[in-house]
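A quick write-up on the structure given underneath.
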């Protein structure tokens with residue numbers, strides 16, 4: 001027994017000092033910490049990189065191209081040419097130069113900016129956000145869930161399974177040791193007057209009733225409970241026992257005994273016995289002994305002179 005409880009305590013101690021802390025450490029280090037130190041920084045790093053690129057490269061490049069290729073030439077070339085050829089320049093400016101410049105700016109800068117640059121920026125931004133919610137976050141959640149489910153479906157059942165095997169093997173070993181020694185069995189009951197080692201309830205429920213005067217009340221309580229479990233009838237509310245006549249004369253209301261009312265009483269007993277069980281429980285001698293005991297009890301219940 002000391003070894004059993006020692007093994008039990010060691011199992012419980014190992015669970016709380018090693019198994020549970022190891023699992024918690026793996027979940028913390030393998031999933032939660034990388035989520036806050038890698039996944040989230042990478043996600044927002046990608047978003048910031050796209051925004052930073054837009055304002056530090058895309059927009060300045062567009063402004064520079066527009067300034068160098070359109071605005072600067074307009075004031076350094078187109079306007080001087082305009083005044084150089086006055087009327088021709090004026091006519092050409094309003095009929096060719098200005099429309100060409102506007103068309104060029106519209107087609108080469110403004111249209112691509114709104115149809116390619118901005119959509120491309122937000123497409124990359126959405127791709128990063130979508131990837132976070134459709135891949136990164138679900139993968140992390142799945143890994144955490146697998147760890148939690150494994151803890152409840154593998155770790156805990158394995159721990160308590162091993163614990164139960166130890167308990168069962170210890171009690172099984174004790175029962176086998178008792179069966180193989182001089183320890184007495186009490187499946188058929190009896191009255192014991194000397195101290196000894198014994199096995200109880202090895203073939204079903206048994207009742208142990210103390211007979212010492214100091215435990216009389218306890219003995220009476222157990223005796224009454226035992227009778228109830230064995231099906232013994234109680235008569236504190238009255239009843240009819242013994243042989244019952246077919247006719248019972250009853251005096252009429254006039255009080256004259258000569259005027260009788262006859263009541264016929266018919267009692268028909270058809271006891272049925274159902275024998276269930278297997279192995280030693282269906283042994284012929286045991287069945288006969290049990291039937292005799294029940295027949296004796298039935299006879300005592302209906303007889304005015306119970307057997308003693």
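Taken together, the values in this text are just the output of simple stated rules run on the coordinates, not laboratory data. Because the structure is a prediction, the values reported are computed rather than measured. Don't worry about glycine lacking a Cβ; one is built from the backbone with ideal geometry, like all the others, and counts go over all protein chains shown.
Stretching the chain fully between residue 47 and residue 139 yields a gain of 31.1 nm (0.36 nm per residue, less the alpha carbon separation).
Between residue 127 and residue 166, the C-beta separation translates, for a Förster distance of 51 Å, into a calculated FRET efficiency of about 0.35.
Ordered by the count of other Cβ atoms within 10 Å of each Cβ, fewest first, 166, 194 give 194, 166. Of 196, 31, 186, the sequence from fewest to most neighbouring Cβ atoms within 10 angstrom is 196, 186, 31.
Can you classify region 1-116 as rounded, prolate or oblate using the Cα gyration tensor, where a ≥ b ≥ c are the square roots of its eigenvalues, rounded means a/c under 1.5, and otherwise it's prolate if a/b beats b/c and oblate if not? Taking the square roots of the gyration eigenvalues as a ≥ b ≥ c, region 1-116 is prolate.
Extension gain, residue 68 to residue 94, is 7.2 nm, computed as 0.36 nm per intervening residue step minus the present C-alpha separation.
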